[in-house]
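Below is one structure, written out as structure tokens; comments come after it.
Every number in this text was worked out from the coordinates using simple rules, so none of it is lab data. Keep in mind that this is a model prediction, so the values were computed, not measured. Positions of Cβ are backbone-derived with ideal geometry, glycine not excepted, and every protein chain shown enters the neighbour counts.
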């Protein structure tokens, strides 16, 4: 390796670019911080550090999480960037597509129709658009605010369900939608305004804003710089490193799972204690799933088989910074283990917050699935008595069901439209 920790290439591959070996990647992972170095490789002078770090995690991605009931939880990371119009966002997005190891497509929302994005049906046959094309792993759409609401609603469906349903006279099919999505748009008034709340300046459908993993704010005047002593990497090396990292499926350790649950609980309790409703929507289950994806993506960047405390702590810090920018739990500060325990700053006095219920994931999955099935059979939602009865038939005790319901509510997987009646979020 040279003085910057960059290994010499082992020649050129068939495409004429420099080629590196697995040994090179392993040495890099053990001697340098690849989370910082890849973010630094993407760096542009007018792009915020949170954007650089989140996109770095998106390029690494995460494995899907198998579930005992229902579909797997997606591993693909979906992001939206809302930026000052003065930023060179288009150049940054071009750099992202150049650096991405996966197959990518870069679209402009001003001239992209719904059919151009999801596909066109002709003669009873589908010609898939990029979001439904199994050969496209990352779709970047800039000027997304210029797309019609119908297109935004379609993309929301894809993000929420990883599929898209066609309902045409000669074609009724539900098609899988693999791959990650990176949306980019300008602030509603072009440049961010100090005297208007950030959520009011996000030019996206509210439901879509809450569906992506993170909405990233690129306010040029107040942007954060990357705080690192690392150096950027050659593009070919970075792309090949990411390609190799994406073959690793890190296991989520019990320790990191608990850290993510505790942080999620802390945010939800702060929101519940606040006198003012947050302007930006946050649900426990979505926040939890986002943090799991980010944590596993960070572990991939370390080429690790199991997630560690550092993976959880660094991704929690990133998400916490973004949430505070959006006005969610603005007093939260950076993630600190003591913050979780006391509900305040390290060393501050205060009562201990209630612990996230220690409930097996399979119990939570079973209760959530039961609520989802029953809510369509009753006008107001799934009655608690029916949920308990059906879960008991599957072998769960009343106490286990009640604990699972509590955990589902804390995670935001279910809510009560009225007392003792449940619906899934």
*Is the shape of segment 361-424 rounded, prolate or oblate, going by the alpha carbon gyration tensor and its root eigenvalues a ≥ b ≥ c, with a/c under 1.5 for rounded and a/b larger than b/c for prolate?*
oblate
*asked:* Could you tell me the calculated FRET efficiency between residue 392 and residue 65, based on Cβ-Cβ distance and R0 = 25 angstrom, to the nearest 0.05?
replied: 0.40
*When Rg is the radius of gyration of the Cα atoms in segment 236-293 and Rh is its Kirkwood radius, what does Rg/Rh come to?*
1.18
*Out of all DSSP beta bridges with both ends in the chain, state the antiparallel percent to the nearest 5.*
45
_Expected-Rg normalisation [2.2 N^0.38 Å, Cα atoms] applied to segment 91-204_ = 1.16
*Please report, in whole Å, how far the alpha carbons of the chain spread along each principal axis, starting with the longest.*
66, 66, 48
*Could you work out how far the C-alpha centroid of segment 54-115 sits from that of segment 207-248, in angstrom?*
10
*Under a point spin-label approximation (7 Å from Cα along Cα-to-Cβ), what is the residue 86-residue 171 distance to one decimal in nm?*
4.5
*Would you please give the FRET efficiency between residue 274 and residue 228, computed as 1/(1 + (r/R0)^6) with r the Cβ-Cβ distance and R0 = 45 Å, to the nearest 0.05?*
0.85
_In segment 64-79, whose amide N lies under 15 Å from the spot 7 Å out along Cα-to-Cβ of residue 251? List them in ranges._
66
*segment 155-295 - percent relative contact order, Cα under 8 Å, separation 6 or more*: 19
*Ranked by Cβ crowding within 10 angstrom, fewest neighbours first, how are 71, 409 ordered?*
71, 409
_Counting only helical runs of four or more DSSP H residues, what would the 222 nm mean residue ellipticity of the chain come to if each run contributes -39,500 (n - 2.57) and the total is spread over all its residues?_
-13000 deg cm²/dmol
_By average C-beta atoms within 10 angstrom, highest first, the peptides 155-164, 178-187_ = 178-187, 155-164
_Segments 305-311, 119-125, 295-301 sorted - mean Cβ within 10 Å per residue, highest first_ = 295-301, 305-311, 119-125
_Nearest 10 degrees is fine. How inclined is helix 309-325 to the longest principal axis of the chain, computing both from alpha carbons?_
80
